[in-house]
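The numbers here are math on the coordinates, done by the rules we state, and not lab data. Just so you know, these numbers come straight off a predicted model, no measurement behind them. Cβ: placed from backbone, ideal geometry, glycine included. Neighbour counts: every protein chain shown.
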Amino acid sequence: MATQGQPRLKYACDLDKSVLVNNFDRRGWIQVSPDEDWNFYWASVQSIRNVFSVENGYRLCDDQVINHFPNHYELTRKDLMVKNIKRYRKDLEREGSPFAEKDELGRHIHLDFFPTTFMLPADYNLFVEEFRKNPSTTWIMKPCGKARGIGIFLINRLSQLKKWSRDSKTNTFTAPSAKDTYVIGKYIDNPLLIGGKKFDLRLYVLVTSFRPLKCYMLKLGFCRFCTVKYNADVTDLDNMFVHLTNVSIQKHGAEYNAVHGGKWTVANLRLFLEGTRGKEVTDKLFDEMNWMTVHSLKAVSNVMANDRHCFECYGYDILIDDNLKPYLIEVNASPSLTSTTSSDRIMKYNLISDLINIVIPPEGTPDVRWNKTPSKEAMGNFDLLYDEELAQSDLLNQDARSKLGMTGPGLRGARDPKLQSKATWK
Amino acid sequence: MSSEDQLQVLVLDIYSQIKGTPLELELFKQAQIISQNPLLRSSELKQTVIETLSKKEHGTQLKNTVYKYLQKRPAVPHPKAGPEHLKEPLTYIRKAQSNWDKRIVKSLNSMCTELGVPLARKRSEKDQKEVIVHWGELGTAAPDLSAFRPVYAPKDFLEVLVGLRNPNAHSGEPSSFSSLWGIIQVPLRIRSIMELRLRFNEMSINQCQTGVDDNPDIPPELFDNDRSKLAKKVLNNKHSPLSQEFLKKGAPPGVRAELWKQTLGVDVDQIDQLYYEQLKSYVVQHDLLVDSLIYKDVKLTATNDDQYFVFEDYIYQVLFPFSRDTQVLDHFKHSSANPPKSYIRGKLGVEEFAVHYPPNGVIPFHGFAMYVAPLCYIYDDPVVLYYVFRELYMRYFFRLHQISSHPQSIVSLCLLFESLLQSQEPQLFLHLKTIQAQPLRIAFKWLIRAFSGYLDSEQVLLLWDRVLAYNSLEILAVLAVAIFSFRKTNLLQVGTASAAEGVLADITTLKVVPLIQLSLFST
């Protein structure tokens, strides 16, 4: 193994998951408790709060890395993500960035990547206004602080939301906690169906730094299929097996298959789409998904506490509609590391292994002073999605050569594949 | 019969295929328009009409129809030979297939009696409605299948092939020099490695291929871009032989669907749509025992396959109508098998009351659904999927489960596999034979399913590209040999048959095109 002859790191781990522990053991790392001196801490979201809390006063050393950013919820809580992306849009509009370009209907061309969404109860009145424009639309209600499909339901009449409207009036002065807050989003009622079934996409994105942004996309994402044939009929609104693709929900369906767990690789999706829809639209879809990820990360990069000890692996949930337009549904800070099938276990084991190779410098000991530029070999199944540092230096080179002034961060430079080959996925 | 007479027969036969089709009408109309030109001299009339027509779109269609006919036309037997020679010239093979046919029917009948289910029954009004409502999700409407079992598995069929003997061949002493190492002991004409190299010369290592040179790590300017451009030109040309030639180097995934349709001469028009609807209504009206067999097979194979489970319902939408499609019976004209017959109740043995059962004459076996599954990656419309599958079955796949002396029958493929492996990798063959791991016993399941379900789906499609391109299944045997060669080092280390099987249990990571190239062309 490549790790032979490398220092034996001390690791702490809050989660008793085989895909984690096996990886650490395989490298000959030594387990310590989170209170001791560790080099690598795979912490739960709860422990992160303690590690970085002001009262704690704990200072991380140069040779320590940890798997969450202190305020990751800026991206992973549904309401905050929506807020941050909306603000990012406005900022770009103000800057006159080419990304803020709109079509003739006033919709963003590049930044319209999540369904129309409101916070409840805060945006109740805005929502009602929008609802009245298209009264027959279905909306999906999601509690902000919960994951894995818990507490989600669909509505298509305003009366179903009475509870939130009243509450909002009585509680205007106390800010509701994440528990009572919901986001309500336009339900995508023309999802792309494969074999008559609805699915969503789970992509894994690793971020090692927000300023400058350095992020990686795992090639081995997967589609999660509903076991029941999709049916947009409103009478079926209560049958969650039709609408929600979360494995934790689908597992309870009678049709759940334990061999594949309803999961299909992204490679299969690509083959299917190229075969049935053609290569150009497929490439466009995958490009848009990559851009969407980069934008969502850029949207929070200024509010995120960019602690140099942190890295984070996000689970991106994406829905694709019938016209091959991707929508960002939500981002998870602690994507499930439980394996439902054997190929799932292999995939997740490799995910963690590749992740460690990217996060730990080649010498084998964590070092926050490292420039966080792993070699191509170290990336394994991850592809570089975007490296702001490299992109900027590329841009400087280009500027020096062509003397052409460019505004904005110059992301569009990625259109020239040769130039940006190192800085983005292209 | 002189060659001129033969040509005459051929032309009449082709004409009978075109007669009454919209194509004929259109050609006739066009010819009339051309001949109405007042400047045309009557002496030049025929010449001009032919020349002008052949340049038009319908002229290409006519060419494609003739080409399709010629592609599927069986070798013409000696004029003195009896009509049965068209199906199978060798008596002992004919007998073997007929025994096999009988065995399957017997097994099917005993299943009927055992389970107390009829071969066919009319559905009640209510059930019919149910089928219509659930047409898109037939998987959830499956009956209780616990009592059903597949009529036969590839293993059973292999035993029959192993038992084949030519009564006229002198086998000599069992230990004699000339006896074959393998388990297929039928002397049939197969190609040598040199002949295969000539046959598949477009696949040689010095030629760029889709499946190798379109790898994302290779800059697309080198190969992929030009390939896609060429593909578009080929498609615009609408000429079957051209797209078939193009497929020799593989299809870029984005244009495969059209290339295959063009090569196979599948063009789904309104009549085809109606015909499919008709077949669908037969499914709705009657519940056949084979439906349960299809259900069972899909549930055992595709439903549990992490590449194909998504398409479960599509496979039913293809295989149920397929079992009702009497046009499938056509392929029995040049196949060694005969469609099984059943009799209307109470009229057993009375020929006037005989019907083919199932109506298409094909009794599915364990793994049959896998002939459909990879196609779901390229055809999203069940009707198009249906016709492409039907064409592939009637051209190629039926040969994989019938005993015949045809150069592409499963018997010949098995023999080709064994003799190639024996000549290419004698040490490996001897080793496996010594440890009682006959290579064919491992490779047979790959061959009979045309590798579907064993390779990654993209690789299956790349392989089938070449089947269509060369209009031949021989490439399957070549690939099987290539896989053995590729895993040779590991195979030489094992000491038991089960360990050898273990080495070859998972071949999903293999890339077929480079393997075939290496095996055929490296020296």
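Extending 7 Å from Cα along the Cβ direction at B:Gln6 and again at A:Glu377 yields two label points whose distance is 6.3 nm. Among B:Asp465, A:Asp189, A:Asp307, the ranking by other beta carbons within 10 Å of each residue's beta carbon, starting with the fewest, stands as A:Asp189, A:Asp307, B:Asp465. The length gained by stretching the chain between B:Ser423 and B:Glu44 to full extension, at 0.36 nm per residue less their Cα-Cα distance, is 130.5 nm. Computed about the Cα centre, the dipole magnitude for chain B is approximately 1280 debye when only Lys and Arg (+1) and Asp and Glu (-1) carry charge, each at its Cβ.
Charge dipole (Cα centre; +1 on Lys/Arg Cβ, -1 on Asp/Glu Cβ; no other charges) of region B:446-523 amounts to roughly 160 debye. Grouping the Cα pair distances of region B:3-72 into 5 Å bins from zero gives a pair-distance distribution of 3, 15, 22, 22, 19, 12, 5, 1, 0 percent in increasing distance order.
Projecting the Cα atoms of A:Leu75, A:Leu15, A:Val54 onto the charge dipole of region A:1-95, computed from C-beta unit charges around the Cα centre, puts A:Leu75 farthest toward the positive end. The gain in end-to-end length when the B:Asp127 to B:Gln270 segment is fully stretched comes to 48.7 nm, 0.36 nm per residue minus the alpha carbon separation.
Nearest 500 deg cm²/dmol is fine: what mean residue ellipticity at 222 nm does the protein assembly as shown get from its DSSP H runs of n ≥ 4 alone, each adding -39,500 (n - 2.57), divided by its residue count? Mean residue ellipticity at 222 nm (helix-derived): -13500 deg cm²/dmol.
Between the beta carbons of B:Gln71 and A:Ser342, assuming R0 = 45 Å, the FRET efficiency works out to 0.55 to the nearest 0.05.
Decide, for chain B, between rounded, prolate and oblate: order the square roots of the alpha carbon gyration tensor eigenvalues as a ≥ b ≥ c, take rounded if a/c falls under 1.5, and otherwise choose prolate if a/b is larger than b/c, else oblate. Here chain B falls in the rounded category.
Starting from the Cα gyration tensor of region B:1-153, take the square roots of the eigenvalues, sort them a ≥ b ≥ c, and report rounded, prolate or oblate (rounded when a/c is under 1.5, otherwise prolate if a/b is larger than b/c, else oblate). It is oblate, given that a/c is not under 1.5 and a/b is not larger than b/c.
State the answer as a single residue: which of B:Ala302, B:Ile442, B:Ser243 lies farthest towards the positive end of the charge dipole of chain B, with beta carbon charges of +1 for Lys and Arg and -1 for Asp and Glu, about the Cα centre. Farthest towards the positive end: B:Ile442. Think of the protein assembly as shown as a dipole: +1 on every Lys or Arg Cβ, -1 on every Asp or Glu Cβ, centred on the Cα centre; then among B:Val151, B:Gly495, A:Gly185, B:Val151 lies furthest on the positive end. If I take every Cα pair under 8 Å that is 6 or more residues apart in chain B, average their sequence separation and divide by the length, what percent do I get for the relative contact order? The value is 19 percent. Rounded if a/c is under 1.5, else prolate if a/b beats b/c, else oblate: with a ≥ b ≥ c from the C-alpha gyration tensor eigenvalues square-rooted, which is region B:240-392? Prolate. Each label point was placed 7 Å from the Cα along the Cα-to-Cβ direction; for A:Lys146 and A:Leu396 their separation is 5.0 nm. With R₀ fixed at 22 Å, the C-beta to C-beta distance from B:Ile193 to B:Lys95 puts the FRET efficiency at about 0.10.
The label point for A:Glu95 and the one for A:Ser44, both projected 7 Å from the Cα toward the Cβ, are 3.9 nm apart. Inter-chain Cβ neighbour count for B:452-464, averaged per residue, equals 1 (cutoff 10 Å, partner chain atoms only). For chain B, the membrane-span-like helix rule (DSSP H, alpha carbon extent of at least 15 Å along the helix axis, mean Kyte-Doolittle at least 0.0) picks out B:3-18, B:22-35, B:289-300, B:382-395, B:410-424, B:457-470, B:474-486; this says nothing about an actual membrane. Return the subset of A:Lys78/A:Lys163; A:Lys90/A:Lys279; A:Lys279/A:Lys348; A:Lys17/A:Lys376 for which the Cα-Cα distance in this structure is over 25 Å, preserving the input order. Exceeds cut-off: A:Lys90/A:Lys279; A:Lys279/A:Lys348; A:Lys17/A:Lys376. Between the beta carbons of B:Ala497 and B:Asn166, assuming R0 = 30 Å, the FRET efficiency works out to 0.60 to the nearest 0.05.
Which translational diffusion coefficient, to the nearest whole µm²/s, is obtained for the protein assembly as shown from the Stokes-Einstein equation, given a Kirkwood hydrodynamic radius over C-alpha pairs, 20 °C and 1.002 mPa s? So the translational diffusion coefficient is about 67 µm²/s.
Computed from point charges on the beta carbon alone (+1 for Lys and Arg, -1 for Asp and Glu), the dipole magnitude for region B:3-72 about its Cα centre is near 220 Debye.
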